[in-house]
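Contents: one structure, followed by commentary.
The values are calculated or read from the model by the stated rules, or taken from the named source; none is laboratory data. Keep in mind that this is a model prediction, so the values were computed, not measured. Note that we place each Cβ from the backbone using ideal geometry, even for glycine, and neighbour counts take in every protein chain shown.
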There are 2 protein chains.
Amino acid sequence: MAKFYGIGTGPGDSDLLTVKGQKVLNQVDCLYTPEPKKGGKSLALKIVTPYLKEDLEIKQRHFPMVNTLETKQAAWDAIAAEIIADVQQGKNVAFITLGDPMIYSTYAYLLERVQGEVETETVAGISSFTQIANSLQIPLVMDDESYAVLPATKDEALIKAALEMFSTVILMKVSVALPKILKLLREQDLLEQTILVSDASMETEEITVGIQELTEEAKLSYFSTMIVYKNRDF
Amino acid sequence: MAKFYGIGTGPGDSDLLTVKGQKVLNQVDCLYTPEPKKGGKSLALKIVTPYLKEDLEIKQRHFPMVNTLETKQAAWDAIAAEIIADVQQGKNVAFITLGDPMIYSTYAYLLERVQGEVETETVAGISSFTQIANSLQIPLVMDDESYAVLPATKDEALIKAALEMFSTVILMKVSVALPKILKLLREQDLLEQTILVSDASMETEEITVGIQELTEEAKLSYFSTMIVYKNRDF
């Protein structure tokens, strides 16, 4: 029976796709992928290109990155309806998403619309911050350590508490909340324990180990992540 | 130049290894793997078996699971010394570890001993709880949600705070702290929001969605994980 597959591509390197992702991509009839902002190929599509059949039907679709929920929901509804129709016509359909499909992915909104209508299967991927830790070879957690993952846009009180309570704290999207984050890290004397990664696994990747020199005015890429390693020296 | 590779095998399915893991395993001269408790093959070795060369040298080594740090350190020292000697003789050497090498893996202790002596590279893997979320198709985090990962053996106050603060909480090794965890989940009315997975991705895997029926006396497998999904209905 035809199926809808969500596939995590991993963070950027084609070799970090799973063998399962590779096999599924090789057998589907149609691939949906988010449309890149500036023309050309999306990063997700670039990652999986080595594994695609020549005659594969590729449907790039626009996912609006706006604050109005209605606009986004209308787009998700329309794309989900198209996917459901394709699968009901007997096509095996895949959707690719950066990193892991269950961690901060727009795929979740497609999935909840498609589930119940046609059969679905989701293939895990390596998340960008896991790859950062592996690439730096600095363990996220050992033994009885703990970690937390949260957007830097969260309440100051929550971020402060997370920094106090957990061995390792991963802050997503730090570019839009830099002054607040620097203040909190300074207060807890954690600037030297923090690694900043912009555009993880992309060609423009930049890694800063210890952010004592970083200022509130720094212009960071939208895809900037900090890993605060309270228990590590580097 | 010869190198030491740490490879995350993912949680259990050979297809969840990365393409990179597959390529590296296919080119190394020697593979170190943890010795299974009851003879036979370790789960990590089973996972990668489809990708191994016929003439690959496999060295199963014993990692003591005891509370005395000295005993464990002596074993890590000895295995690390053996690995360093192999690489210095020109062999490419891999070590395989379940899940991801940077998340609660004994590999971290080998890595810190081998780093600086020979060249090292670490290949990320899918962690067991990420695979649980993908297999259930229930997102760990969406939008501005947050999550925390911690051993159930941690202080009651920390676990309580984590359950209050984060959208999703992943509790590792719940078997050894079940009464405490059930009490905390009951107090916050989260039993119905909790998924219990024992032996994730193994043949003996058991999944319980909503743990209202679970009692303090239940005998759970050592490898039992709970995902507390505060924002999901299932």
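Kindly indicate the residue of the range B:121-146 that is within 7 Å of chain A (Cβ to nearest Cβ) and surrounded by fewer than 20 Cβ atoms within 10 Å (Cβ to Cβ) and also nearest to B:Lys23 (Cα to Cα) among those meeting that condition.
B:Gln137
If a residue must be assigned to a loop (DSSP other than H, G, I, E, B) and at the interface with chain B (Cβ under 8 Å from one of its Cβ atoms), how many such residues does the range A:104-120 contain?
Matching residues across the range A:104-120 total 2.
Matching residues to (1) under 23 Å from B:Ser105 (Cβ atoms); (2) not β-branched (Val, Ile, Thr):
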| residue | (1), (2) |
| --- | --- |
| A:Ile138 | yes, no |
| A:Ala177 | no, yes |
| A:Ile181 | no, no |
| A:Glu192 | no, yes |
| A:Glu206 | no, yes |
| A:Val209 | yes, no |
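So A:Val228 fits all but one of (1) surrounded by 18 or more Cβ atoms within 10 Å (Cβ to Cβ); (2) in a loop (DSSP other than H, G, I, E, B); (3) at pLDDT 95 or above; what number is the exception?
Here A:Val228 clears every test but (2).
Which members of the range A:18-45 meet the condition of being of a type in the set (D, E, K, R) and modelled with pLDDT under 95?
A:Glu35, A:Lys37, A:Lys38, A:Lys41
Please work out if B:Pro64 is within 25 Å of A:Leu17 (Cα to Cα) and in contact with a Ser or Thr (Cβ under 8 Å, 6 or more places away or on another chain).
No: the conditions fail for B:Pro64.
Can we say A:Thr204 is among the polar types (S, T, N, Q), assigned to a loop (DSSP other than H, G, I, E, B) and not assigned by TED's automatic domain parsing to the domain that holds A:Met65?
yes
Going through B:Lys23, B:Lys37 one at a time, which residue ends up being more than 13 Å from every other protein chain (Cβ to nearest Cβ) and either surrounded by fewer than 15 Cβ atoms within 10 Å (Cβ to Cβ) or not in a helix (DSSP H, G or I) (or both)? Outline the logic, then answer.
On the way: B:Lys23 fails: more than 13 Å from every other protein chain (Cβ to nearest Cβ).
Answer to the check: B:Lys37.
Going by the conditions given, is B:Gln73 within 14 Å of chain A (Cβ to nearest Cβ) and under 30 Å from A:Leu25 (Cα atoms)?
no
Within the set of pairs 6 or more residues apart or between chains, which connect a residue that is at the interface with chain B (Cβ under 10 Å from one of its Cβ atoms) inside the range A:147-172 to a residue that is aromatic (Phe, Trp, Tyr) and assigned to a loop (DSSP other than H, G, I, E, B) with Cβ atoms less than 8 Å apart?
Close Cβ pairs (under 8 Å, with a partner that is aromatic (Phe, Trp, Tyr) and assigned to a loop (DSSP other than H, G, I, E, B)) amount to A:Tyr147/A:Phe166; A:Ala148/A:Phe166; A:Ala148/B:Phe166; A:Leu150/B:Phe166; A:Met172/A:Tyr104.
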